[in-house]
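Computed from the coordinates by the stated procedures, all read-outs in this text should not be read as laboratory data. If you're wondering where the values come from, they're calculated on a predicted model, not measured in any experiment. All Cβ positions, glycine included, derive from the backbone under ideal geometry; neighbour counts span all protein chains shown.
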Amino acid sequence: MDLLDVTPLKTWESLENHIREHTGIIAAAFDAKGIRLIPPAAWPNRLCPEIKANPKGQSFICSTAHMNMANLARSSRKPVIDACDAGMLKLVVPIFAKEVFVGVVSACGMLLEGDAVDTFLVNKITGMEEAYLEKRATGIPTLSMEKAQTIIHFIQGQVEKIVEH
């Protein structure tokens with residue numbers, strides 16, 4: 001069983017749009033193998049597309065964070081709130097259908113209040129100039145842990161509606 005056995009692609013796309021419209025955060029559905037179902041329609045900030053476009057950034061920052069947090073969400077059967085190695089917030093909600101793990105809905109690219117992007121580490125991983133990274137990191141939206149938990153609960157509720165339908 002996979003995400004498309006649960007509901008058509010159009011429903012997952014509608015979910016992503018609904019989450020963005022309701023919370024302002026960019027979310028995406030990923031299957032159990034970590035494959036994003038729908039290409040990003042928008043980016044949460046100006047730095048994320050730069051990191052993802054860099055092979056080392058994609059492999060050692062984005063993919064690693066996603067797989068680690070998705071596996072934790074799978075094993076705990078609970079949402080995960082953490083940060084990627086770049087220091088940006090990542091929210092992961094597991095999706096189970098008939099007790100089978102079929103994927104996650106994940107949202108990332110914002111900062112938790114008081115946190116900052118680790119441009120030094122991103123530079124060391126990707127080779128991109130730190131000054132360039134700092135410029136791209138300017139204006140990254142922040143949110144409180146309370147708001148992150150509210151968003152997690154909202155996403156959980158939306159996922160439950162889809163899975164139980």
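Its Cα gyration tensor gives the range 3-164 an equivalent ellipsoid, and the semi-axes of that ellipsoid, as √(5λ) in whole Å with the largest first, are 27, 16, 14.
How high is the relative contact order of the range 97-153, given as a whole-number percent (alpha carbon pairs under 8 Å, six or more residues apart)?
On the way: 29 pairs, mean separation 22.4, N = 57.
Reported relative contact order: 39 percent.
Extending 7 Å from Cα along the Cβ direction at residue 98 and again at residue 68 yields two label points whose distance is 3.5 nm. Counting only alpha carbon atoms, the long axis of helix 145-164 and the longest principal axis of the chain meet at about 30°.
A Förster radius of 25 Å, combined with the Cβ-Cβ distance separating residue 149 from residue 116, puts the computed FRET efficiency at roughly 0.75. Footprinting exposure proxy ranking of 140, 51, fewest other C-beta atoms within 10 angstrom first, gives 140, 51.
Please give the contour-minus-distance gain from residue 36 to residue 76: 0.36 nm per residue of separation, less the Cα-Cα distance, rounded to one decimal in nm.
Details: separation 40, 0.36 × 40 = 14.40 nm, distance 2.14 nm.
Once the chain is fully extended between residue 36 and residue 76, it gains 12.3 nm.
Loop-located trypsin sites (Lys or Arg not before Pro) in the range 70-165 (DSSP state not H, G, I, E or B) with no more than 13 neighbouring Cβ atoms inside 10 Å: 77, 98. Note on residue 58 and residue 2: their simple-model spin labels are 1.9 nm apart, each label 7 Å out from Cα toward Cβ.
Please identify every one of the GluC sites (Glu not before Pro) in the range 34-140 that sits in a loop by DSSP and has no more than 11 other beta carbons within 10 Å of its own beta carbon.
On the way: sites: 50, 99, 113, 129, 130, 134; in loops: 99, 113, 129.
Passing sites in the range 34-140 are 99, 129.
Taking Cα centre as origin and charging only the Cβ of basic (Lys, Arg, +1) and acidic (Asp, Glu, -1) residues, the dipole magnitude of the chain rounds to 200 debye.
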